[in-house]
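The values are calculated or read from the model by the stated rules, or taken from the named source; none is laboratory data. Here the structure is a predicted model, which is why all the values come from computation and not from measurement. Heads up, the Cβs are rebuilt from the backbone with ideal geometry, glycines too, and the neighbour counts pull from every protein chain shown. In case anyone asks, the SASA skips ligands and DNA or RNA and just uses the protein heavy atoms, side chains included. Shrake-Rupley method; radii C 1.70, N 1.55, O 1.52, S 1.80 Å.
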Amino acid sequence: MNNSKHIKHLYARAGFGIRFEDLHDQANQSIKKTVKKLFKASEKIELISALNENIDLRPHPATQTDDEKRALQEDRNKQERALNDAWLKQLSETDAQLREKMTLFWHNHFSCNIGNAYYEQELNNIERTHALGNFKTMLLQVSQTPAMLQFLNNQQNQKGHPNENFARELMELFTLGRGNYTEQDIKESARAFTGWAYSGKDGTYTFNPRVHDVGQKTFLGKTANYCGEDIMAIITDNKQTSIFLCTKLYRYFVNDVPDEGHISQMADVFYKASYEIKPLLEFVFLSDWFYDDKNIGNLVKSPVDFLVGLNRQFYISYQNPDVLMQFQRTLGQVLFRPPNVAGWPGGRNWIDSSSLMYRMKIPSTILNAGLIDFTGKATPEDEAYLAAQRKQQLNVIKRVQAQPDWDKFLHDIPPDTSHEQIAQFMLEPTLDKTVIDEVNKTTDIKSTIIQIVSTPEYQLC
């Protein structure tokens with residue numbers, strides 16, 4: 001077993017990569033010990049507190065002047081940037097890599113985009129708290145946040161006038177997956193969630209019995225006077241929920257092409273552990289198949305993975321961290337701004353000819369503190385955002401004022417390390433002759449490293 005290769009693979013998937021000196025220190029360590037170390041480092045829960053409780057959460061009056069609307073939008077943009085910057089900073093600096101990697105997974109699983117940064121911060125912290133805990137606990141807590149109740153319209157879900165949006169997404173996207181329930185199951189379960197709401201004053205969850213439907217409901221073949229918690233218990237008692245979640249986790253950690261045998265093993269472990277996440281991930285990271293060659297260097301890094309990996313590897317600091325939000329927008333993944341209720345599709349969808357060009361250009365731009373033209377993957381929503389920015393005379397940042405710590409990075413690398421060995425360390429896929437020839441052409445080590453991180457291979461993990 002090639003220990004260094006497998007430890008490098010583990011950190012690429014369960015975290016955001018490993019630094020040269022850390023790999024050197026752990027090279028003779030067993031995988032079991034390395035996995036234990038990853039979990040130990042992630043016991044710490046670092047909640048994000050970019051926004052405080054003094055933010056006014058009350059609805060704004062319908063009649064506002066243009067100046068008031070503009071001021072409100074500027075305030076929202078500022079809060080959104082502060083939250084985005086805070087999480088990117090935490091992802092780039094934390095020792096709790098596995099917890100943050102899983103928070104990123106749940107952030108996409110429980111996709112939510114409401115334009116209220118304080119509520120989004122609260123939801124994000126719940127996902128972080130339970131990232132390695134119990135899925136059933138997290139599901140209930142996430143579902144009762146003002147962010148999710150607002151995003152999926154459960155505030156409007158009342159007796160006699162049920163709103164089916166939350167019930168539908170609960171089953172389709174959060175638990176069972178499409179095709180494992182009927183339209184009637186959606187209608188009946190929506191009635192069980194009537195009365196779930198939050199206070200517009202301070203955002204706390206409240207149950208309103210006056211608008212709750214207390215009638216009999218028939219759901220997945222069972223009949224009773226169900227409430228929302230009962231519906232969730234029936235859903236998680238159904239093993240299909242474990243299969244659905246394990247399929248997504250397999251694609252996130254192992255391979256974009258599902259292996260039914262491996263997923264079935266995972267689903268057994270997860271279901272028997274009553275949806276405890278830690279035993280499931282331990283099972284995956286200690287399975288021989290996780291380290292099969294076909295599962296190494298075969299996943300496309302998400303834009304956030306890509307940027308965070310660079311930040312961590314090169315100890316990068318930004319004079320204006322807002323540039324990181326522009327990078328996210330250009331590459332098609334802005335934290336807290338998923339494209340829709342299904343989240344980012346991920347996998348090969350991260351890459352097209354435009355985004356690949358930017359991905360290959362960004363490392364050299366950051367490492368040389370250079371200029372970059374921000375266009376790329378802009379949705380209509382992002383185009384509107386950029387137009388608003390221009391209106392506010394906030395020019396799009398052109399110069400990437402980034403400061404990599406080259407001394408620290410190079411200090412980790414023994415002086416007798418060949419260019420090919422550096423490439424082997426920095427790239428996950430097996431090196432082909434073209435890459436080897438290219439890196440051997442350069443003479444100085446900085447040029448070699450910039451060349452390595454500007455390759456298509458660097459986009460894979």
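Taking segment 157-170 as the range and being open to solvent by less than 50 Å² (accessible area, probe 1.4 Å) and farther than 15 Å from His109 by Cα as the test, the residues that pass are Asn157, Asn163, Glu164, Asn165, Ala167.
Scanning segment 275-290 for residues that are in contact with a Cys (Cβ under 8 Å, 6 or more places away or on another chain) and open to solvent by 20 Å² or more (accessible area, probe 1.4 Å) turns up nothing.
Quick grid of which residues meet (1) open to solvent by 50 Å² or more (accessible area, probe 1.4 Å); (2) in a helix (DSSP H, G or I); (3) acidic (Asp, Glu):
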{"residue": "Arg128", "(1), (2), (3)": "no, yes, no"}
{"residue": "Leu140", "(1), (2), (3)": "yes, yes, no"}
{"residue": "Gln155", "(1), (2), (3)": "yes, yes, no"}
{"residue": "Glu172", "(1), (2), (3)": "no, yes, yes"}
{"residue": "Ser189", "(1), (2), (3)": "no, yes, no"}
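Residues in segment 182-203 that are among the aromatic types (Phe, Trp, Tyr) and over 12 Å from Lys159 (Cα atoms): Tyr198 only. Of everything listed in (1) farther than 30 Å from Asn52 by Cα; (2) in a loop (DSSP other than H, G, I, E, B), the single unmet condition for Leu132 is (1). Scan segment 231-273 for residues that are charged (D, E, K, R) and closer than 23 Å to Arg168 by Cβ and the total you get is 4.
Criterion first (open to solvent by less than 80 Å² (accessible area, probe 1.4 Å) and closer than 19 Å to Thr145 by Cβ) does Asn52 satisfy it? Give the derivation first.
On the way: open to solvent by less than 80 Å² (accessible area, probe 1.4 Å): no; closer than 19 Å to Thr145 by Cβ: yes.
Spelling it out, it is not the case that Asn52 is open to solvent by less than 80 Å² (accessible area, probe 1.4 Å) and closer than 19 Å to Thr145 by Cβ.
Of all residues in segment 4-28, those that are open to solvent by 60 Å² or more (accessible area, probe 1.4 Å) have Cβ atoms under 9 Å from Cβ atoms of residues that are small (Gly, Ala, Ser), 6 or more apart or on another chain, in His24/Ser4. Of the residues making up segment 306-316, one or more are open to solvent by less than 20 Å² (accessible area, probe 1.4 Å), part of a helix (DSSP H, G or I) and within 21 Å of Thr430 (Cβ to Cβ). Residues that are more than 20 Å from Glu93 (Cα to Cα), surrounded by 15 or more Cβ atoms within 10 Å (Cβ to Cβ), modelled with pLDDT of 95 or more and touching a His at 6+ places or on another chain (Cβ under 8 Å) do not occur anywhere in segment 344-365. Of all residues in segment 29-45, those being in contact with a helix residue (DSSP H, G or I) (Cβ under 6 Å, 6 or more places away or on another chain) and surrounded by fewer than 18 Cβ atoms within 10 Å (Cβ to Cβ) number 1. Looking across segment 317-332 at every residue that is out of contact with any strand residue (DSSP E or B) (no Cβ under 8 Å at 6 or more places or on another chain) and open to solvent by less than 10 Å² (accessible area, probe 1.4 Å), the one that is farthest from Ile452 (Cα to Cα) is identified as Met325.
Answer yes if at least one residue in segment 320-338 is in a loop (DSSP other than H, G, I, E, B), within 30 Å of His411 (Cβ to Cβ) and at pLDDT below 95, and no otherwise. Yes, the conditions are met somewhere in segment 320-338. Of all residues in segment 291-305, none are open to solvent by 40 Å² or more (accessible area, probe 1.4 Å), in a loop (DSSP other than H, G, I, E, B) and touching a residue at least 40 places away in the same chain (Cβ under 8 Å).
What number of residues within segment 142-153 satisfy the criterion of being of a type in the set (S, T, N, Q), within 30 Å of Phe285 (Cβ to Cβ) and assigned to a helix (DSSP H, G or I)?
Here is the first cut: in segment 142-153, the ones of a type in the set (S, T, N, Q) are 143-145, 150, 153.
Those left that are additionally within 30 Å of Phe285 (Cβ to Cβ): 143, 145.
With the extra rule that they be assigned to a helix (DSSP H, G or I), the set shrinks to 143.
Residues in segment 142-153 being of a type in the set (S, T, N, Q), within 30 Å of Phe285 (Cβ to Cβ) and assigned to a helix (DSSP H, G or I): 1 in total.
Kindly evaluate Gly200 against the criterion of being closer than 24 Å to Glu183 by Cβ, out of contact with any Phe, Trp or Tyr (no Cβ under 9 Å at 6 or more places or on another chain), open to solvent by less than 50 Å² (accessible area, probe 1.4 Å) and not in a helix (DSSP H, G or I). Can you show your working first?
Details: closer than 24 Å to Glu183 by Cβ: no; out of contact with any Phe, Trp or Tyr (no Cβ under 9 Å at 6 or more places or on another chain): yes; open to solvent by less than 50 Å² (accessible area, probe 1.4 Å): yes; not in a helix (DSSP H, G or I): yes.
No.
Close contacts from segment 333-352, counting a first residue that is in contact (Cβ under 8 Å) with a residue 40 or more places away in the chain and a second that is surrounded by fewer than 15 Cβ atoms within 10 Å (Cβ to Cβ) and in a helix (DSSP H, G or I), with Cβ to Cβ under 8 Å and a gap of 6+ residues or different chains, come to Arg337/Glu381.
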